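Beneath this line is the structure, given in structure tokens, with notes to follow.
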Amino acid sequence: MPVKKAEAAAEAEPQTKRSVFDTLSHIDVNEHTEQKNGLTYLSWAWAWGELKKRYPRSFYTIYHNKDDWNYFTDGKTCWVRTGVTVVDEEEAQEYIEELPVMDFKNASVPLGQVTSTQVNKTIQRSLTKAIARHGLGLYIYAGEDLPEETEEVKKKKADLQTVMTEVDKKIKGIIHPMSPEEKRRFAAEKVEPVLGMQNYLKCVDVDKLTKLLETLSEQAPAA
């Protein structure tokens with residue numbers, strides 16, 4: 001019958017193989033992480049175990065410098081370099097991760113103060129991040145590569161939030177007794193001419209919001 005032939009053909013079609021990244025990136029790692037000094041740590045032993053369950057031929061590499069030390073240095077600070085190679089059938093892919101040796105404040109440790117314990121812990125974290133490059137727990141590191149906000153940027157955000165709060169309070173006090181039509185007219189006649197838009201909540205220009213606030217302060221709330 002045609003139906004049986006169609007079913008047989010469907011069964012004969014090869015299943016699309018999931019990539020290593022697709023397989024590993026779908027694993028929930030949240031229950032195996034912990035927060036320390038603003039950084040998220042994933043258990044090295046757990047991550048390695050999960051990887052080996054699925055790809056048992058995989059292996060890792062701890063790179064050494066020319067003097068056979070398990071860390072590298074520029075004479076001031078130091079860092080480690082590790083690699084994790086995932087072997088999937090006949091394919092092998094290595095991702096390399098470099099990580100600075102840091103103290104409990106997440107600051108680079110001066111070369112003369114580095115201890116073997118610090119190097120060992122950094123190697124474990126570096127290997128965990130190398131595994132993440134293959135997909136396992138990659139999402140928990142989102143944002144680590146973004147630059148820190150400068151004091152100037154922080155101040156601008158704080159100023160924007162302060163002015164926005166005052167504008168929001170003022171506008172709500174004015175339009176509270178208005179009808180929907182009156183609110184639309186208010187936005188078109190009072191807000192848009194100053195901000196260039198009717199939705200003040202979308203404005204990120206502190207100067208324009210300040211000017212709007214000054215304008216609205218001259219208007220007494222409707223009775």
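Bear in mind that the values in this text are calculations on the coordinates, not laboratory data. Everything numeric in this text was worked out from a predicted model, so none of it was measured. Here Cβ is always computed from backbone atoms with ideal geometry, including for glycine, and neighbour counts include all displayed protein chains.
Before moving on, here are some points about what is shown:
- Summing charges over all other residues whose Cβ lies under 13 Å from the Cβ of residue 29, with Lys and Arg as +1 and Asp and Glu as -1, gives -3.
- From the coordinates shown, log10 I(q)/I(0) by the Debye sum over Cα atoms at q = 0.07, 0.09, 0.15, 0.16 Å⁻¹ corresponds to which of [x] -0.50, -0.64, -1.00, -1.05; [y] -0.18, -0.31, -0.93, -1.07; [z] -0.51, -0.68, -0.96, -1.05: [z]
- Max mean-square fluctuation residue, GNM over the chain, Cα-Cα springs under 10 Å, options 135, 173, 83: 173
- For 166, 91, the sequence from fewest to most other C-beta atoms within 10 Å is 91, 166.
- Across the stretch 51-139, Cα pairs under 8 Å and at least six residues apart give a relative contact order of 27 percent.
- Taking 0.36 nm per residue of separation and subtracting the Cα-Cα distance, full extension of the segment from residue 74 to residue 153 would add 25.3 nm.
- Subset of 76/121; 154/211; 76/157 violating a 29 Å alpha-carbon distance limit: 76/157
- Based on the reciprocal of the average 1/r between different C-alpha atoms, the Kirkwood radius for the stretch 151-217 equals 12.3 Å.
- Reachable aspartates and glutamates from residue 155, criterion Cα separation under 16 angstrom, eight or more residues apart if same chain: 205, 207
- Net charge over other residues, Cβ less than 12 angstrom from the Cβ of residue 61 (K, R count +1; D, E count -1): -1
- Cut-off 11 Å between beta-carbons: net charge of the residues surrounding residue 125, Lys and Arg +1, Asp and Glu -1: +2
- Tilt relative to the chain, helix 206-217 - C-alpha long axis, 0 to 90 degrees, to 10: 30
- Rounded to the nearest 20, the size of the Cβ-charge dipole of the chain about its Cα centre is 400 debye, with Lys and Arg at +1 and Asp and Glu at -1.
- Length-normalised contact order of the chain in % [C-alpha pairs under 8 Å, at least 6 apart]: 16
- Folded to 0 to 90 degrees: helix 116-133 orientation relative to the chain principal axis, Cα: 70
- Computed [θ] at 222 nm, helices only, for the chain once each DSSP H run of length n ≥ 4 contributes -39500 (n - 2.57): -13000 deg cm²/dmol
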